[in-house]
Amino acid sequence: MSRSYLKALACAAVLALAASPAMAETVAIINARILTAGPQGEIANGTVVIRDSRIEAVGANVRPPAGARVIDAQGGVVTPGFFATGSQLGGVEVGALGNDLGVNNPDISAAFDVSYGLDPSSTLLPVARLGGITRAVVMPEPQDGPGGSHAHDGSDDFAGSGPDSVSHALFAGQAAVIQLAGTDILVKPRVGMVVPFGNAGARVAGGARGAEIVALKALLQDVRDFARNRDAVRRGNYREMSLSIADLEALVPVIEGRMPIIAQVHKAADIRGLLRLAREEGFKLIIEGGEEAWMVADELAAARVPVLVYPQSNLPASFEILNATMENAARLERAGVTVVIESAEGGAHRARETRYNAGIAVANGMSYAGALQAISINPARVFGVGDRVGSLEAGKDADVVVWNGDPFEPLTQPTALFVRGQQMPLTSRGIELRDRYRNLNTAYPPAYTD
Amino acid sequence: MNRLRAATAAVCVAAMMAGCATTGTSASTSSTSSSSPPKPLPAGLSDDRRADPFPSTYRPIGSAPTAIVGATVFTATGQRIDNGTVLLRDGKIERVEAGLAAPAGYAVVDGRGKFVTPGIIDAHSHLGVYPAPSVPALSDGNEVTGPNTAQVWSEHSLWPQDPGFNTARAGGVTTLMILPGSANLFGGRSVTVRNVPSRTMQGMKMPGAPYGLKMACGENPSRVYGGRNQSPATGMGNVAGYRAAWIKAANYAKKWDDYYAKLEKGEKADAPERDLQLDTLAGVLRGEILVQNHCYRADEMAVMIDISREFGYKISMFHHASEAYKLADVLAREGICTATWAGWWGFKMESLDGIEENAGLVHAAGACAVIHSDDETLTQRLNQEAAVALSAARRGGIQIREEDAIAWITANPARALGILNQTGTLEAGKRADVVLWSANPFSIYARAEKVYVDGALTYDRNDPRFQPRSDFQLGMGIR
């Protein structure tokens, strides 16, 4: 009856979209509370106009252009698309089957570039979109380091513990920014060099955290020598280098201060040590993890080092994070640190939960506006795409999400979502499974449903 | 039916025997029979139907009568009471009613603008057996030494100083079932605990809560033991392993039944040799130990149900159960609960079809849905995980009320753990396990403000005196 009619309508809409994915059009989203995450702040009741792939106008007094397709938000909320930062999206399908983000190869460490192996047809992308995610910062995974997926059913301790012989490689490789739509999802490659520190860094450096710093200094000296003597090194007329030429080449932007090191680090003392190292060696620094970053907040703010946090961390799960607290994000914000909120467990299958993590940060003292920025404009800026995306501003890419309420609330759902102006159907493999099995009493087996 | 009746008789005999054990001397002196009466077995040699060798020493913390007034109350019996009053007295729920004024002599808690629910029950936790810090010395949750380790009890690995108990309580969790891991076909016994700080495991152990038996379907056992080139290496090896164990257990149970029957008739009888592994399995066959079955796939659940029929036991709950929605009608018919997540999926093949709507679809089919954590972080916000599941259901047009969905983390886990007669709802006479929330618990901003266990204030978000810390955290770092 009416439900099947609605379903037919929805199917038709999906088919129409599929048939014309890149159709240029003008869309006006009206009657919306607009959280721009940009200079306009919050607009209590306004309109967002999307023309083709860009935002054309945002404001309280914006009129829908003639001929525009109008979406009535019915008093709901409009936000920029959110970022999944520290993500595996596009690089993983089933956690236990491995991913395309970890390399154990003595000739490819710093040179590893995740952007070459990403899958635009991953079923995880539509799932993440249902959580309002339109962009992700995909990061390589250190060998025997933190992160990665693990089976969450009490099987962790027999899941295998990485390679037996850890390579001397300190570098996990280079991160990339992607968009969650289209056949070419790459937005910007090589946005940062991931390096594990603390316990994980000690493991790859031979056992002690101090050894890693020494090793890193020596490696960066090699990179400097390489940068000044490229031809000699390539011809083999130079002393032996500790890294492959590809790895040395990849690290040149790091010593030149053009590519940040994304330091996976947790303990306050290690963060302090890194701040000193970054000053001495002249590289840009981003802290990822940073459970004890709040204890170093003023120094991080002064050094303008952003911190990527997971707001749920509050247990002394290791001796590196004895001072983990859910107020980390709030305390960093108060000190003036740029905060980015990540989702959990590699931010792939659970990337859709990023918005709840923003809410959890708010419940633990962060400002609402700050938490919104921490999943939109802050990651965009930190990873070098803030001029194109991350906030609702005229001229930016139209990554726009319409919600039926506060986007941080689980009881809220998106009602429309655009990636670079392209409206994406709000469906996923999970939704198809739901629809296949919602009625178990059918004449034919469920496999005959679409 | 026959089996059930026999089991009941056996339980009665056991109760008598237990009585004998405590009054052994008087029994022997009053004996008038010329033949020497059978001596009761020493407790350690008797099968498991006697008294618990590790008895609970839990005692509720003393509390004054308390009235929470003016709150929105979800009773977890399907009721939502606006402007509700909840009276706690002598550790029990005394009364739950709209508009009731606080009686004289009651400590009054202003609940206006706030919400009250039963204490949250986490039906799947590894706190204490996989504690923080996560270090090898304390990671004691999986006896990965053989596919059948029904002889191990999670309570013997439980470290009561796990700081995770405190953070779980701050999330409203008042009761948890602590399970062994899932490496084995039979992982061992679970234990249900009250979430109070304690020097000992026994000081947390919930009186009157039945034991559970952790069983595991699927990828974990076959991966672990197949990787060692031993059985089970496949799904079919798993099933052969369960069935072989149940055959042994049934034989063992019969030996003890025969033994007790002979004793009852005054005949001479030699006690069978006690076997801890078979004790636990026989406890399941007698209906005393509840099967808690880690099982992701619907087709595997159907096989497990057939095995339970073949050997005459009941599965209390499928855990993780990512595909329960594909079998919701069967689970409803069989009265088997489903403990699942909303957000977890895709971390392995058997979880690939996990969907956010799982709990909602199971609920809509009339089956018992439970949201569990299996995680020291998620256990702190089971209310929000339930909200995610509820929201997904509504997104799909399945209308479920919040006053019903609250049962997913309270009444339904209580049922699956066999403790619904004690806790899980706000009903007069039950343990006063109560949470006062700062906002609707289905909101991301809701925080547990006060958490009562058996009527005692065990956590107060606004009062450091009621924010206990584990020994481990003393002198370590900055608060």
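None of the figures in this text is laboratory data; all of them are computed from the coordinates on show. Keep in mind that what you see is a predicted model, and the values were worked out from it rather than measured. Glycine also receives a Cβ, built like all others from the backbone with ideal geometry; neighbour counts cover every protein chain displayed.
Structure data summary
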item	result
Cβ-defined net charge surrounding A:Ala380, 12 Å radius [Lys, Arg +1; Asp, Glu -1]	+1
Number of partner chain Cβ atoms within 10 Å, mean per residue of B:318-329	2
Mean separation of Cα contacts under 8 Å, 6 or more apart, over the residue count of chain B: relative contact order %	19
Fraction of alpha-carbon pairs over 50 Å apart in the protein assembly as shown - percent	23
DSSP-assigned coil residues among GluC sites (Glu not before Pro) in segment A:219-260, each with at most 12 further Cβ atoms within 10 Å	A:Glu240
Among beta bridges that DSSP assigns inside segment B:116-466, antiparallel share in %, nearest 5	50
Which of B:Met177, A:Met241 has the fewest Cβ neighbours within 10 Å, and the rest in rising order	A:Met241, B:Met177
Cα-based reach from B:Lys254 at 12 Å (exclusive), listing aspartates and glutamates while leaving out same-chain residues under 8 positions away	B:Asp47, B:Asp279
Within straight-line cross-link reach of B:Lys450, aspartates and glutamates at Cα separation under 15 Å, skipping those fewer than 8 residues along the same chain	B:Asp110, B:Asp433, B:Asp460, B:Asp463
19 Å Cα-Cα reach of A:Lys188 towards lysines, excluding residues that sit fewer than 8 places from it in its own chain	A:Lys284, A:Lys396
Residues B:Thr167, A:Thr183, B:Thr57, B:Thr338 arranged by fewest to most Cβ contacts within 10 Å	A:Thr183, B:Thr57, B:Thr167, B:Thr338
Kyte-Doolittle mean at least 0.0 and Cα axial length at least 24 Å: DSSP H helices in chain B	B:2-22
Of every Cα-Cα pair in segment B:186-261, the percent that sits beyond 17 Å	63
Sparsely packed GluC sites (Glu not before Pro) within segment B:265-334, loop by DSSP, other Cβ within 10 Å at most 16	B:Glu267, B:Glu273
Value of Rg to Rh for chain A (Rh from inverse mean 1/r over Cα pairs, i.e. Kirkwood)	1.00
Exposure proxy ranking, count of Cβ atoms within 10 Å, fewest first, for B:Asp353, A:Asp72	A:Asp72, B:Asp353
Nearest-20 debye value, the protein assembly as shown charge dipole, Cβ charges on Lys, Arg, Asp, Glu	1100
Cα gyration tensor, segment B:133-287 - rounded (a/c under 1.5), prolate or oblate	oblate
Neighbouring partner chain Cβ atoms per residue of A:436-442, average, 10 Å criterion	5
DSSP beta bridges in the protein assembly as shown [antiparallel fraction, %, rounded to 5]	55
Value of Rg to Rh for segment B:116-466 (Rh from inverse mean 1/r over Cα pairs, i.e. Kirkwood)	0.98
Segment A:367-450 - percent relative contact order, Cα under 8 Å, separation 6 or more	14
Whole-number percent relative contact order across segment A:82-389, with pairs defined as alpha carbons under 8 Å at least 6 apart	19
Simple Cβ-charge dipole of chain B, Lys/Arg +1 and Asp/Glu -1, about Cα centre, in debye nearest 20	660
Which listed pairs, of B:Lys214/B:Lys255; B:Lys114/B:Lys430; B:Lys326/B:Lys348, have C-alpha distances above 20 Å, in listed order	B:Lys214/B:Lys255; B:Lys114/B:Lys430
Charge dipole magnitude, Cβ of K and R +1, D and E -1 - chain A, Cα centre, debye nearest 20	1060
For chain B, calculated [θ]222 nm from helices alone, where every DSSP H run of n ≥ 4 adds -39500 (n - 2.57)	-8500 deg cm²/dmol
Expected 222 nm ellipticity per residue - DSSP helices of 4 or more, -39500 (n - 2.57), all of chain A, to 500	-8500 deg cm²/dmol
Among A:Val419, B:Tyr459, A:Ser122 - extreme Cα towards positive end, dipole of the protein assembly as shown, charges at beta-carbon	B:Tyr459
